[in-house]
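Remarks on the structure that follows.
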Amino acid sequence: MDGRRLDCDGRVNLSVATSDQTLDSSMESERAAYAFLPQTPIKSTDAHLVEFSEAMREGKAAAQAEAAEWKRKYELEKAVKAHRHNTVTKGCSNCDKEKLEQLASQLTLETTSVDPTSCCGNHEICSRQILQDECPGTNKISHDKIAARKAPFKLSWGCNGDNNGQHKHDFVSFEKGDITTAERSNKQILLKWESPPQTVLFVTKPNSNSVHALCAEMVRWLKEHNNINIFVEPRVSKELVTEDSYFNFIQTWDNDEEMKTLHTKVDLIVTLGGDGTVLWAASLFKGPVPPVVAFSLGSLGFMTPFCILNRWCWNLASELYRECLDHVLKRPFGITLRSRLQCHVIYDSAKNEVDTEEPILVLNEVTIDRGMSSYLTYLECYCDSSFVTRVQGDGLIISTTSGSTAYSLAAGGSMVHPQVPGILFTPICPHSLSFRPLILPEYVTLRVQVPINSRGQAWASFDGKGRKQLGPGDALICSISPWPVPTACLVDSTTDFLRSIHEGLHWNLRKSQSFDGPVA
Ligand SMILES: NC(=O)c1ccc[n+]([C@@H]2O[C@H](COP(=O)([O-])OP(=O)(O)OC[C@H]3O[C@@H](n4cnc5c(N)ncnc54)[C@H](O)[C@@H]3O)[C@@H](O)[C@H]2O)c1
Ligand SMILES: Nc1ncnc2c1ncn2[C@@H]1O[C@H](COP(=O)(O)OP(=O)(O)OP(=O)(O)O)[C@@H](O)[C@H]1O
C-alpha cells in the first residue's frame, strides 16, 4: 500500500458533497478513479469525446442515459489511462497494479450493493491523512521541507450553524404511489478539523504594497504563533526572501509537476486580493482544492467575505486577521462548495488525434465570443443529446452559480446562490427578440460548436483569461467538475451571498416609500 486512501481522503468531491445519493459502489469506483487523476498528466485519446462529437454532428446522439454512461466511462477510462501512463513513466508497477486492475474492471461492472460502512459510518464526509503522494522508491521530487501529511477534517451538514453531526440525505418516498420529498441535504456545510492544520498556502494579488506587507506579517505570525508551514507562489517567495532572510523557511514550487501535488500538502489556502485572486488561486488546482479563506483586499470582493482593510488601521487589521485565522485554524467553520466547470476544447482538425490537453477548470465561467471578429458569433448548442439552440449574437456565457454575479449578470443572467446546483446559459447581446437566459441542471454536459458554415471564428476564454480560438467545426464541451472550490464563510453561505449582493452590487437599492399616515 502506498498510504493513500481511496475513500474519503480529504478531497472534497462535489458529487458526494452536494448530491443526495447514498454512497453507492459506482460512486466509490468513480472516486477511486478520481483519486488518480490529479497526480497524473492526462494524456488519453479522448475517443469518447470524438465519438460524442460525431454523434452530435450527425444527429445520431443516443438517449440521455447513454450520455451519462458515456461521461462516466470516459472519466474512468481516462483515469485508467492516466494511471497506466503514470505507472509506465514512473516505474511504479507493483504497488498500484491491483488498483489499476480494479479500476479497469469497474469500467464494465454493474452497480453493486451499497456499503454504508465504506466511509466513516457517521453520515459525514470524512477526510483521511495523505501520507505520500507517490509510491515509495519512485523518482518523486525530494523536498525536505515539504510537509508529509495533511490535517484530516470532517464535513457535516447542519442548519444555519446548528451542527447535529448528521448528513441528511435527500429522500424521495413513493409509498402507495404518493411522491413525497423529505429533508433537503443542502444546508450549511461545516468543516471541522480532526487535527490542527499544519500547512497554509498564501496566494496574493501582485503589485500591491498593502497586500505584500500584510502577507509578510501574516506569514510571520502564523509561523511564530502556530508553527504553520507556509507555501507561497514562486514570485512571492523570491520577493520575501530577498527582502529578509528570516523568510527562508517559506516553501514554494519550481515547476508545474510540483504544483500539481500542492493539494496533497496544503491544508488551507489564504488569498489576499479581490475576486480575481480567488479565481487565480482556484486555477492553480487542476484537481481537488483545499479550503480557501479569502481576505478582501480588492475593490469589489464578491467571493472574499473576510474584510480587514476597509477599516484601515494597521493594528486593527492585525487584530482582525489574527481573529479570523485563529478561528479557521482551530474551530469549525461554514464553507460554501463552489462548483467549477471542466471544459475541453475539441478541434475539428485534431479530432482523430491523441488529445493531450487536460480539461480547463473555471470557477466563474467560460465565454465564447466573437473576439476581434466583426461578424455575429454563430454557435450551435447541445445539452447531453438534445439540441438547445443556435446563438447568433456577440457570444455565450456558460457560467457556474458563483459566476452568476460576474459576466453573466452583466449579460442579463439571473443571480444564483452558489449552493444551487446548476449551470447558467446566458447569451451575450443575442440578435433576437426572444432569447432569454437559461439555468440548466448541474448534471448535464453542454457542447457548443462553431458550425462548419460559420462566417467567422469564435474565441473561448476561461474566467476571463487564456483565450483559445475556435474555428468552424471546433467545439467546446463542458460539465460540472467533481472538484469544487470550498470557500470559508464569514457567517454562512446565504448570509455572505446576500451581503455581497447588497454591499457589492447595491442590489435593489431604492428610497423607501414614505408613510403618509393611516388612511382616514
Ligand atoms: N462585462 C462584464 O461584466 C465582464 C467582462 C469581462 C469579464 N468579466 C468578469 O471578470 C472575471 C474575471 O475577474 P478578474 O478579477 O480576474 O478580472 P477583472 O480585474 O477585470 O475584474 C472583473 C470584475 O468582476 C468582478 N468579479 C469577478 N468574479 C466575480 C464574481 N464571481 N461575482 C461578482 N463579481 C465578480 C471582480 O470583482 C471585478 O470587479 C471573469 O470571470 C468575468 O466574469 C466581466
Ligand atoms: N497570485 C496572482 N498571480 C497573478 N495574477 C494575479 C494573482 N492574483 C490576482 N491576479 C490577477 O490580478 C488582477 C487583479 O486581482 P483582483 O481581481 O484580485 O484585484 P482587484 O481587481 O483589486 O479586486 P476586485 O476583483 O475585487 O476588483 C486579476 O486580473 C487577477 O487575475
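When 395, 413, 371 are checked against the criterion of being under 25 Å from residue 500 (Cα atoms), within 16 Å of ligand 1 (Cβ to nearest atom) and either in contact (Cβ under 8 Å) with a residue 12 or more places away in the chain or assigned by TED's automatic domain parsing to the domain that holds residue 467 (or both), 413 stands alone in meeting it. Only residues that are near ligand 1 (Cβ under 8 Å from one of its atoms) and within 20 Å of the chain's Cα centre (by Cα) were counted in region 291-307, giving 3.
Identify all residues within region 181-208 that are within 19 Å of residue 307 (Cβ to Cβ) and either of a type in the set (Val, Ile, Thr) or away from ligand 2 (no atom under 13 Å from the Cβ) (or both); write none if there are none. Walk me through how you get there before you give the answer.
Here is the first cut: in region 181-208, the residues within 19 Å of residue 307 (Cβ to Cβ) are 202-205, 208.
Selection gives 203, 204.
Against the test of being within 16 Å of ligand 1 (Cβ to nearest atom), under 27 Å from the mean Cα position of the chain (by Cα) and of a type in the set (Asp, Glu), the options 380, 365, 358 yield a single qualifying residue, 365. Exactly one residue among 433, 498 is of a type outside the set (Gly, Ala, Ser) and within 19 Å of residue 393 (Cβ to Cβ), and that residue is 433.
Just checking, does region 351-367 include any residue being within 13 Å of ligand 2 (Cβ to nearest atom), of a type outside the set (A, V, I, L, M), on the phi < 0 side of the Ramachandran plot and in a loop (DSSP other than H, G, I, E, B)? For region 351-367, residues within 13 Å of ligand 2 (Cβ to nearest atom), of a type outside the set (A, V, I, L, M), on the phi < 0 side of the Ramachandran plot and in a loop (DSSP other than H, G, I, E, B): present. Condition (residue is within 14 Å of ligand 2 (Cβ to nearest atom), crowded, with 18+ Cβ neighbours inside 10 Å and either outside any loop (DSSP other than H, G, I, E, B) or at pLDDT 95 or above (or both)) applied to region 305-313: is it met by at least one residue? So far as region 305-313 goes, yes, one or more of its residues are within 14 Å of ligand 2 (Cβ to nearest atom), crowded, with 18+ Cβ neighbours inside 10 Å and either outside any loop (DSSP other than H, G, I, E, B) or at pLDDT 95 or above (or both).
Quick check on this structure: which one of 390, 370, 338 is under 27 Å from the mean Cα position of the chain (by Cα), of a type in the set (Lys, Arg) and away from ligand 2 (no atom under 16 Å from the Cβ)? It would help to see each step written out before you state the result.
Details: 390 fails: under 27 Å from the mean Cα position of the chain (by Cα); 338 fails: away from ligand 2 (no atom under 16 Å from the Cβ).
Every option except 370 fails the conditions.
In the set (1) modelled with pLDDT of 65 or more; (2) surrounded by 13 or more Cβ atoms within 10 Å (Cβ to Cβ); (3) assigned to a loop (DSSP other than H, G, I, E, B), the condition left unmet by residue 166 is number (1). Just one residue in the set 499, 447, 467 is among the basic types (Lys, Arg) and more than 16 Å from ligand 1 (Cβ to nearest atom); that residue is 447. Looking at the structure I just gave you, is residue 468 loosely packed, with under 14 Cβ neighbours inside 10 Å and away from ligand 2 (no atom under 16 Å from the Cβ)? In short, no.
Comparison of 376, 424 shows that the only residue that is surrounded by 23 or more Cβ atoms within 10 Å (Cβ to Cβ), in contact with a strand residue (DSSP E or B) (Cβ under 8 Å, 6 or more places away or on another chain) and not small (Gly, Ala, Ser) is 424. Only one entry of 242, 204, 199 meets the criterion of being out of contact with any Leu (no Cβ under 8 Å at 6 or more places or on another chain) and in the same structural domain as residue 154 (by TED's automatic domain parsing), and that entry is 242. For region 359-367, state whether one or more residues are buried (at least 23 other Cβ atoms within 10 Å of the Cβ) and either more than 18 Å from residue 460 (Cβ to Cβ) or of a type in the set (D, E, K, R) (or both). Within region 359-367, one or more residues are buried (at least 23 other Cβ atoms within 10 Å of the Cβ) and either more than 18 Å from residue 460 (Cβ to Cβ) or of a type in the set (D, E, K, R) (or both).
Scan region 294-303 for residues that are assigned to a loop (DSSP other than H, G, I, E, B) and either more than 7 Å from ligand 2 (Cβ to nearest atom) or touching a His at 6+ places or on another chain (Cβ under 7 Å) (or both) and the total you get is 3. Restricted to helices (runs of 4 or more DSSP H) entirely inside region 182-293, those with at least 2 residues that are buried (at least 22 other Cβ atoms within 10 Å of the Cβ) are 209-226, 234-243, 275-283.
The values are calculated or read from the model by the stated rules, or taken from the named source; none is laboratory data. For clarity, every value in this text was computed on a predicted model and none was experimentally measured. Note that we place each Cβ from the backbone using ideal geometry, even for glycine, and neighbour counts take in every protein chain shown.
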